[in-house]
Amino acid sequence: MSHTFIDETTFSIPVKRIFDTQTTTYFQNSEALKRLKFFITKYVNLVQSQDFQDTPQSNFDQTLLDTIAILNRLSDYIDQIPPFKGPRRYGNLACRKWHDKLNLVIKDEILTLLQKNNIHITNDNDSLILELTYYIENCFGSKTRLDYGTGHELSFIAFVAALDMLNLLPTISGQSLLYLFHHYYKLVKKLILTYTLEPAGSHGVWGLDDHFHFIYILGASQWINNNYDIHPTDMLNKNILNRYQAINFYCMALSFIFQVKSGPFSEHSPILYDISKSVKFWSKVKSGLMKMYEQEVLNKYPVVQHFWFGTGFYPWIDNRSGKPLPVYEITEDSSQNNQKLNNGIDNDISIGIPMATSFSNQEPFTGMHTPTTMMRNDFKQGRFTKPLHNTTTKMAPPSSRIINNYSDQSRLHRFTDNRTQR
């Protein structure tokens, strides 16, 4: 295995950089977001036209299987920590005991994961361990708020992409990626149902889903050029959902909605209902959901404020100049909060105060590995489409016709739609 990334990169404990809508705008031009968009696009394209199979294959990367083993052990802890009895309006407080267990074991789990896959680290406080641990530790919901949402889902994507940057997933395929994300979503759904976790930052009925978004993009990509003659309008048929939920993530996600919600689908999930009624092709669904993800997840302060930045995987630097982006001054209390990663960070606390900073005279960052060459080769060889484009911050809430707005050629740049694709 190549250690080029590790050898050329300086890692550090992730810190909070997004404090308001202005720093959310800075995020749109960051190297961190550039990498996230690249891997999101890569993974969505890998699963296109692929059926999910709930069995591991001999060619799956060992790191991927070891990660799934970690998820399964975390799932076992739920069985060992049952919810407290009695009615509760919000999440069950027993979930905090589960997070305590997670925080207690996860650093050792990641250390073992790396050592088993030929990355030998003698000091368990190594900055690589701490930076990588942060993203998996924060992808299962908030210990403080007892909720789960798209920001936590994003943190798992970031963790998988970090393994990819370490070259620990050299033969990742659509099948293996679906297998990994299936186990992640299976664990998260178990957490939601067991501890009645609240939606994190939900728009209510005007959001795509109370908890997830990326799962629908994966599922829509799976359905493109499918062999079953399944159309978006078929997602209104529960018999079809039940028939295909074992192989398609879009059906899995909709089936979970019907498990946790009651009443007419058009009333509790109007955007998903509109997609099924008004969008004819799965390629259109995929492109619309990708644009919606960019606007409503990656470009929304309430979501990305909890995404923190180290210097290795997702650096807070300008993706064009390589210079550091403006930052807030870190107070003494903030520094103490950052050290919580050793015992498990709950990244709900906003820290720092504004500080006017100019980097116009500073030299570009050096020693920072970027996937630019990797992306250029992948695009040149035709494996992936162009990544998502940067956008400006828009804080207006989505409407019930949001999917059509994101797909409307008059509002955004043209997305070609192959009318033969379904």
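None of the figures in this text is laboratory data; all of them are computed from the coordinates on show. Keep in mind that what you see is a predicted model, and the values were worked out from it rather than measured. Positions of Cβ are backbone-derived with ideal geometry, glycine not excepted, and every protein chain shown enters the neighbour counts.
Things worth noting here:
- Surface/4 of the Cα convex hull for the stretch 57-142, nm²: 6.9 nm²
- Neighbour counting of Cβ atoms within 10 Å sorts the residues Leu193, Leu241, fewest neighbours leading, into Leu193, Leu241.
- The alpha carbon centroids of the stretch 93-157 and the stretch 239-269 are separated by 30 Å.
- With N the number of residues in the stretch 199-324, Rg(Cα) / (2.2 N^0.38 Å) evaluates to 1.22.
- The percentage of C-alpha pairs in the stretch 213-261 whose separation is greater than 15 Å is 36%.
- Whole-Hz Karplus values for the stretch 36-42 come out as 4, 5, 4, 6, 4, 4, 4 Hz, taken residue by residue from phi with 6.51 cos²θ - 1.76 cosθ + 1.60 and θ = phi - 60°; glycine and proline positions read x.
- Cβ-based exposure ranking for His183, His120, in which fewest neighbours within 10 Å come first: His120, His183
- Label-to-label distance for Asp54 and Ala94 is 2.3 nm, based on points extended 7 Å past Cα in the beta-carbon direction.
- Along the axis of the charge dipole computed for the stretch 5-118 (Cβ charges of +1 for Lys and Arg, -1 for Asp and Glu, origin at the Cα centre), the listed residues Ala94, Thr55, Phe38 are led at the positive end by Ala94.
- Dimensionless Rg ratio for the stretch 166-247, taking C-alpha atoms and the 2.2 N^0.38 Å reference: 1.29
- Linear extension gain, Ser12 paired with Phe258, 0.36 nm per residue minus alpha-carbon span: 84.3 nm
- Think of each Lys and Arg Cβ as +1 and each Asp and Glu Cβ as -1; about the Cα centre, that makes the dipole of the stretch 1-114 roughly 740 debye.
- Which of Asp274, Asp210 has the fewest Cβ neighbours within 10 Å, and the rest in rising order: Asp274, Asp210
- The alpha carbons of the stretch 53-105 stretch over 47, 26, 17 Å along the principal axes, in descending order.
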